[in-house]
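Below is one structure; the comments refer to it alone.
Just so it is clear, none of the values below were taken in a lab; they were calculated from the coordinates. Nothing here was measured: the structure is a model prediction, and the numbers come from that model. Please note: Cβ atoms are built from the backbone with ideal geometry, for glycine as well, and neighbour counts cover all protein chains shown.
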Amino acid sequence: ERRHQCPTCGKGFKKKSHVRNHVLTHTGERPFACADCAKAFGSHANLLRHRLTHTGERPYECELCHKRFTQSSTLRQHLFVHTRRSPYACAECGVRFHRPYRLLMHRYHHTGEYPYKCDRCGRSFLLRRLLDVHQLTH
């Protein structure tokens with residue numbers, strides 16, 4: 001049950017702490033800074049994931065080819081290389097994807113233009129919410 005709701009968009013969460021983290025996506029606030037390079041993040045989890053770029057640690061290993069990854073999600077994506085479950089193909093170049101949104105993201109590489117454009121600076125974004133967050137910087 002998702003009893004905690006974001007006051008801005010109404011999205012529901014199981015834990016109050018998750019709402020607090022989510023609210024930062026609306027404000028653009030990034031209170032978690034890396035001590036090594038000062039890059040800032042909206043969540044502690046994203047900061048911890050980033051820290052792996054400094055340590056070189058790759059804790060997630062593919063059991064089939066022993067390639068290592070910094071994130072479990074990247075390992076999951078990689079596993080499709082071995083299973084060949086990639087039903088979504090780019091009509092332009094033939095590259096295949098296992099998720100339709102990955103194909104959508106890839107298609108914009110051919111055009112160089114994303115669908116959501118900032119009317120102030122011309123920068124474009126794949127997702128509307130990313131444009132919304134960007135516009136808070138103007």
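Below are the figures for this structure:
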item	result
Relative contact order of segment 88-135, defined on C-alpha pairs under 8 angstrom at six or more residues apart (%)	22
Segment 38-50 - phi-based ³J(HN,Hα) in whole Hz, Karplus 6.51/-1.76/1.60, Gly and Pro as x	6, 5, 10, 9, x, 9, 5, 4, 5, 5, 4, 5, 4
Computed E for residue 130/residue 13 - FRET, C-beta separation, R0 35 angstrom, nearest 0.05	0.95
Rounded FRET efficiency, nearest 0.05, which uses the C-beta distance separating residue 81 from residue 55 and R0 of 41 Å	0.95
Spin-label model distance (nm) - residue 67 vs residue 1, 7 Å beyond Cα toward Cβ	4.4
The chain: relative contact order as a whole-number percent, Cα under 8 Å and 6+ apart	11
Label zone at residue 36, where the point sits 7 Å out along the Cα-to-Cβ direction: segment 60-97 residues whose backbone N lies under 16 Å	60, 69-71
Globularity index of the chain, i.e. its alpha-carbon radius of gyration over 2.2 N^0.38 Å	1.28
Cut-off under 5 Å, modelled amide H: who pairs with residue 4 long-range	13
Charge sum, other residues only, whose C-beta stays under 11 Å from residue 90's C-beta, Lys/Arg counted +1 and Asp/Glu -1	+2
Charge sum, other residues only, whose C-beta stays under 9 Å from residue 61's C-beta, Lys/Arg counted +1 and Asp/Glu -1	+2
The chain: calculated mean residue ellipticity at 222 nm from DSSP helix runs of at least 4, using -39500 (n - 2.57)	-12500 deg cm²/dmol
Separation of the residue 137 and residue 89 label points, Cα + 7 Å toward Cβ, nm	3.8
Rounded Å value of the spacing that divides the Cα centres of segment 1-40 and segment 46-73	24
Positive minus negative residues near residue 25 (Lys, Arg vs Asp, Glu; Cβ under 14 Å)	+3
10 Å-binned pair-distance histogram of segment 88-135 (Cα, whole percent)	26, 44, 24, 6
